[in-house]
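These notes concern the structure reproduced below.
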Amino acid sequence: MKAVARLMLAYFTGTRLLLVVTVLGALACVGGTAALLFLPPLVAQYGLPSRFSLAEEWVLDMLPIVGILCVAFGAALLPTMFAWLATSHYADVLPYGRVKLLASAFGTVALVALVASTIASLFYLHTPIPVWVVFQRALPVCLVSYALLYCVLWLIGNSGSIGKLVFGTAGVVATLFVPLRFVAVPTTWLGYLWIACAAFWGAVAAALLLAPRLKVAVGRVRHALSERFDGTSYAGAGREIDFMLGVANPWPLALGQIVPIAIAAYFLGDYRPLAAEAPPNPFLLFMTILSVVQGGLASVAATRGRALWLRAHWTRAQLFARVERAFLSHNAFTLGLLLVALVAVGTYLELPTQTLAFGLVLLLLGTALSTYLGLMVTASIGWTEAALALATMVALMVAAVYTAAPATTPATLVALHATLAAAALVFRAVAARRWASLDWMLCRSERAVRASS
Amino acid sequence: MSGPYAVARGLGKSFYGKTVLEDVSFAVEPGDIVGVLGKNGAGKTTLLELMLGFTPPSAGGVELFGHASYRLPGTAKARLGFVPQQDELVNALSAADQIGVIASFYPRWDDELITRLAREWEVDLGERIKGMSVGQRQKLSILLALGHRPDLLILDEPVASLDPVARRQFLEQIIDVAADGARSVVFSSHIVSDVERLANKIWIIKDHRLYWQGDFDALKDSIVRLHIRAPRGLPDELAIPNALSVQHNGSGATAVVRDWSGELNGDAAASLRVDVEVERLTLEDIFLELHR
């Protein structure tokens with residue numbers, strides 16, 4: 001129990017920043033809860049007379065939400081420390097290490113979920129819907145979604161890849177907002193939510209507690225497979241520069257996208273907007289997200305480029321040109337497959353011709369933006385790169401939504417896409433400039449990125 | 001507990017058909033300080049990991065405190081300390097927080113010892129681990145393994161990252177830990193002089209087996225260099241029992257032998273009136289001779 005409590009304390013207060021965020025979050029939660037409990041109903045949004053101004057209502061509404069977010073992000077050390085303990089020797093050397101680790105992770109997520117569910121329920125205090133009913137639905141959903149949030153945070157924190165950063169950022173947004181949909185859909189059977197929650201945490205527990213045995217079993221299977229194929233299963237082709245940059249074989253990534261595309265096409269096949277103002281088909285949004293993934297590879301180009309530079313006697317500018325060409329060639333395979341998939345699936349989903357035409361351009365822009373964003377990473381990923389990745393992702397999503405909406409005029413789309421193209425050119429110019437003065441001492445080694453926490 | 005802390009019988013480990021260790025048997029008694037020696041890839045780390053139960057043995061087994069190491073209960077783990085080859089610390093935490101987290105797993109923790117050692121080893125407990133040097137991080141890893149006063153301390157290349165001063169301090173501390181005669185230390189190292197200074201038992205791994213295990217003094221008595229001189233020259237057929245290497249030089253020879261019994265047997269040696277001078281070897285010399 002002592003270890004579980006100490007671990008949880010470290011998750012929330014391990015650094016000064018997290019301590020401040022956690023304390024502010026706790027204060028905001030207390031203040032927000034008090035506002036929801038003791039202030040009269042905030043009714044202006046329903047067109048009824050209000051005792052507060054709209055600005056005051058907005059602040060009062062936002063206070064508990066900010067509190068939840070701060071408490072959730074206050075425990076940002078959870079994924080890092082969980083990964084550290086679970087993968088280090090300490091998991092097997094410390095007394096009951098894995099069990100206590102699991103208990104601390106569950107305890108932390110449960111604490112955050114409890115706070116979030118309670119506050120979310122209090123929003124229904126002055127409505128006909130019973131608070132207890134909302135709480136019953138919110139708790140299991142939060143137990144899963146906040147666990148997923150920490151998974152995504154680990155992915156972001158442990159990755160040197162812009163692609164994963166962008167993907168992870170989208171994941172954070174999704175894990176924070178998707179639960180609201182489940183909570184708000186009263187037709188979902190409550191038991192289903194708890195079964196899903198139990199299954200998720202059961203899987204986490206099994207993976208953690210059985211990790212040593214799983215590792216042995218997986219090792220045996222991999223060895224058996226490699227023996228069966230006699231080490232000749234790899235048939236990648238490419239030039240030396242491609243091998244050194246890790247872009248010699250584009251097919252695994254390209255073909256790996258077929259599965260999610262097929263799944264998305266299956267689920268979106270029956271999508272029919274019920275009203276004219278309903279959101280457009282999200283398939284293009286999904287394809288746009290996929291188009292940025294391949295760009296993530298480029299963020300390790302600077303590190304890998306050192307070996308090339310040592311051997312080839314190129315200037316840094318020449319090296320950048322070669323690397324750029326290699327990555328564009330590699331990404332062209334994946335992009336080509338995405339374009340074909342968009343046309344094929346888009347036709348099957350009966351997307352408008354305008355959406356398809358501009359969608360093709362958007363995928364091209366998504367690939368270009370993410371590739372050059374990745375090439376811009378010539379040192380550790382800092383606030384600038386993170387902010388740019390987030391802004392790029394948001395811009396691409398906005399463009400995808402506008403492109404998919406039939407009501408958007410071609411002129412608007414041309415302007416949007418031209419802006420994105422200009423951004424890609426700016427990214428390329430910045431990347432070329434950074435590569436011209438590339439300092440490999442500042443590059444994070446891939447090993448360091450993988451080992452970092 | 002009066003019995004040995006660790007016992008292995010017929011221990012073997014192979015990875016995908018490749019043998020790393022075979023037929024290894026040993027016992028670690030309270031008070032033992034065991035130095036494990038072997039070339040790179042000889043299987044030192046595998047042996048230690050088998051002892052700790054990180055990986056299941058392919059043959060035989062290891063028992064720690066009477067329990068199979070691969071299924072070690074928490075109560076037994078509380079008596080065990082381990083320092084890995086590369087530190088496994090959380091960069092975001094301060095040294096004090098890292099110690100606090102690890103300490104919370106144990107029923108008892110010697111804060112006084114850790115504070116004293118941290119001061120002596122010049123480890124700033126308030127510093128974030130991210131900003132520490134490799135040596136500082138290694139010192140902190142060692143502190144984490146010592147705080148609960150383990151009965152059995154297992155260290156895999158613990159001093160590789162330390163400067164000579166810190167190494168000496170660490171070695172003195174290890175001696176302190178085992179000085180009460182109730183604790184044991186098993187450590188691997190490539191720095192043979194450290195093993196020589198510290199260990200009272202030596203394990204030498206060669207050809208996937210424990211080639212030698214026993215007291216350090218017995219090892220020095222067993223493996224010796226003989227300077228053999230014969231006034232009338234040495235015949236080629238003169239057999240030197242248990243010779244690891246023989247070098248002829250004019251009327252004599254120099255040989256390194258194992259299991260030296262104190263005299264060169266054989267009628268030929270007696271008739272030739274051979275003069276034998278025995279030279280005791282350092283551990284480093286013994287190690288080099290064994291791996292020629």
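The values are calculated or read from the model by the stated rules, or taken from the named source; none is laboratory data. Predicted, not measured: the structure shown is a model, and the values here were computed from it. Note that we place each Cβ from the backbone using ideal geometry, even for glycine, and neighbour counts take in every protein chain shown.
List of remarks:
- Those residues of the range A:14-53 which are modelled with pLDDT under 90, surrounded by 16 or more Cβ atoms within 10 Å (Cβ to Cβ) and of a type in the set (S, T, N, Q), in sequence order: A:THR15, A:THR33, A:SER50
- Complete set of residues in the range A:90-130 that are under 26 Å from B:ALA68 (Cα atoms), in a helix (DSSP H, G or I) and within 11 Å of chain B (Cβ to nearest Cβ): A:TYR90, A:ALA91, A:ASP92, A:VAL93, A:GLY97, A:ARG98, A:VAL99, A:LYS100, A:LEU101
- Check on B:GLY3, touching a residue at least 40 places away in the same chain (Cβ under 8 Å), touching a Lys or Arg at 6+ places or on another chain (Cβ under 9 Å) and more than 24 Å from A:ARG213 (Cβ to Cβ): no
- Residue check, B:ARG116 more than 11 Å from chain A (Cβ to nearest Cβ) and surrounded by fewer than 21 Cβ atoms within 10 Å (Cβ to Cβ): yes
- Pair list, Cβ under 6 Å, 6 or more apart: the range A:430-453 residue modelled with pLDDT of 70 or more, other residue among the charged types (D, E, K, R): A:TRP435/A:ARG316; A:ALA436/A:ARG316; A:LEU438/A:ARG316; A:TRP440/A:ARG306
- Among the candidates B:LEU210, B:LEU226, residue that is crowded, with 18+ Cβ neighbours inside 10 Å and either within 22 Å of B:GLY35 (Cα to Cα) or without any contact (Cβ under 8 Å) to a residue 12 or more places away in the chain (or both): B:LEU210
- Residue pairs meeting the criteria (Cβ under 7 Å; at least 6 apart or on separate chains; first at the interface with chain B (Cβ under 9 Å from one of its Cβ atoms), in the range A:209-223; second at pLDDT 80 or above and not in a helix (DSSP H, G or I)): A:VAL216/B:PRO56
- The selection criterion, being β-branched (Val, Ile, Thr) and either within 14 Å of chain B (Cβ to nearest Cβ) or touching a Lys or Arg at 6+ places or on another chain (Cβ under 6 Å) (or both), holds for A:THR87.
- Criterion applied to A:LEU362, A:LEU328 was being under 23 Å from A:LEU253 (Cα atoms) and surrounded by fewer than 20 Cβ atoms within 10 Å (Cβ to Cβ), and the one residue passing it is A:LEU328.
- Of the residues making up the range B:96-108, just one is without any contact (Cβ under 8 Å) to a residue 40 or more places away in the chain and more than 10 Å from chain A (Cβ to nearest Cβ), namely B:ALA96.
- Scanning the range A:61-84 for residues that are among the β-branched types (Val, Ile, Thr) and facing chain B (nearest Cβ under 10 Å) yields one hit, A:THR80.
- Candidates A:ALA368, A:ALA386, filtered to the one that is assigned to a helix (DSSP H, G or I) and at pLDDT 90 or above: A:ALA368
- Among residues of the range A:1-20, those that are in a helix (DSSP H, G or I) and within 8 Å of chain B (Cβ to nearest Cβ), counted: 6
- Answer residue from the range B:57-95, given it is closer than 28 Å to A:LEU19 by Cβ and crowded, with 17+ Cβ neighbours inside 10 Å and is farthest from the other protein chains (Cβ to nearest Cβ) among those: B:ALA95
- Count of residues meeting criterion [among the small types (Gly, Ala, Ser) and in contact with a strand residue (DSSP E or B) (Cβ under 9 Å, 6 or more places away or on another chain)] in the range B:174-217: 6
- Single residue of A:LEU375, A:LEU388, A:LEU369, A:LEU396 found to be of a type in the set (A, V, I, L, M, F, W, C) and more than 19 Å from the chain's Cα centre (by Cα): A:LEU375
- Condition check for B:ARG116: among the charged types (D, E, K, R), out of contact with any Leu (no Cβ under 8 Å at 6 or more places or on another chain) and modelled with pLDDT of 85 or more: yes
- Candidate set from the range A:303-325 (those that are out of contact with any Leu (no Cβ under 8 Å at 6 or more places or on another chain) and over 20 Å from A:ALA248 (Cα atoms)); member that is surrounded by the fewest Cβ atoms within 10 Å (Cβ to Cβ): A:HIS313
- Of the helices (runs of 4 or more DSSP H) contained entirely in the range B:173-290, not one carries at least 3 residues that are acidic (Asp, Glu) and at pLDDT 85 or above.
- Yes/no for B:ALA243 being more than 28 Å from B:PRO84 (Cβ to Cβ) and free of Cβ contacts under 8 Å to residues at least 24 places away in the same chain: yes
- B:LEU155 vs. criteria within 14 Å of chain A (Cβ to nearest Cβ), in contact with a strand residue (DSSP E or B) (Cβ under 9 Å, 6 or more places away or on another chain) and hydrophobic (A, V, I, L, M, F, W, C): yes
- Taken as a whole, the structure leaves B:ILE174 outside the set of residues that are in contact (Cβ under 8 Å) with a residue 24 or more places away in the chain and under 14 Å from B:PRO84 (Cβ atoms).
- When the residues of the range B:34-56 are filtered to those that are of a type in the set (A, V, I, L, M, F, W, C) and more than 8 Å from chain A (Cβ to nearest Cβ), the one that is nearest to B:VAL7 (Cα to Cα) is B:MET51.
- Any hit, the range B:19-36, residues being aromatic (Phe, Trp, Tyr) and closer than 18 Å to A:VAL216 by Cβ: no
- The sole residue among A:VAL292, A:VAL247, A:VAL300, A:VAL259 that is at pLDDT 70 or above and loosely packed, with under 11 Cβ neighbours inside 10 Å is A:VAL259.
- Checked against (1) in contact (Cβ under 8 Å) with a residue 24 or more places away in the chain; (2) over 24 Å from B:ALA218 (Cβ atoms), B:PRO30 passes all but condition (2).
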